[in-house]
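The values are calculated or read from the model by the stated rules, or taken from the named source; none is laboratory data. Everything numeric here is computed off the predicted structure, so don't read it as measured data. Backbone-built Cβ (ideal geometry, glycine too); neighbour counts: all protein chains shown.
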């Protein structure tokens with residue numbers, strides 16, 4: 001079995017997380033200005049909730065010993081959650 005190596009700690013990513021919050025708030029405000037009945041804003045909001053739940057789970061699980069995969073999920077996880085939210089929304093609208 002391959003053991004994951006610990007690469008960084010969560011407090012080292014604090015500055016990056018501040019930029020993530022700023023970018024997400026700006027994206028949420030701009031998507032709220034669209035005249036689509038709140039669809040894009042709801043999509044961005046649900047992706048934000050999923051992302052921050054994931055970051056919270058990683059923080060509770062391994063705060064001082066994040067692996068490389070954890071760091072990658074924290075850095076690019078919001079885009080992943082946007083794709084997941086978009087696919088789920090499309091699937092739920094089909095059925």
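Could you figure out which of (1) surrounded by 14 or more Cβ atoms within 10 Å (Cβ to Cβ); (2) out of contact with any helix residue (DSSP H, G or I) (no Cβ under 6 Å at 6 or more places or on another chain); (3) modelled with pLDDT under 90 isn't true of residue 80?
All conditions are met except number (3).
Could you give me the residue pairs with C-beta distances under 6 Å whose first residue belongs to region 47-65 and is at negative phi, whose second residue is modelled with pLDDT under 90 and surrounded by fewer than 15 Cβ atoms within 10 Å (Cβ to Cβ) wherever it lies, and which are 6+ apart or on separate chains?
Short answer, once both residue conditions are applied: 64/9; 65/6.
Does residue 30 satisfy the criteria of being under 22 Å from residue 93 (Cβ atoms), surrounded by fewer than 17 Cβ atoms within 10 Å (Cβ to Cβ) and more than 17 Å from the chain's Cα centre (by Cα)?
Answer is no for this residue.
Output the residues belonging to region 44-92 that are over 13 Å from the mean Cα position of the chain (by Cα), within 19 Å of residue 12 (Cβ to Cβ) and in a helix (DSSP H, G or I).
Across region 44-92, the qualifying residues are 59, 60, 61, 68, 69.
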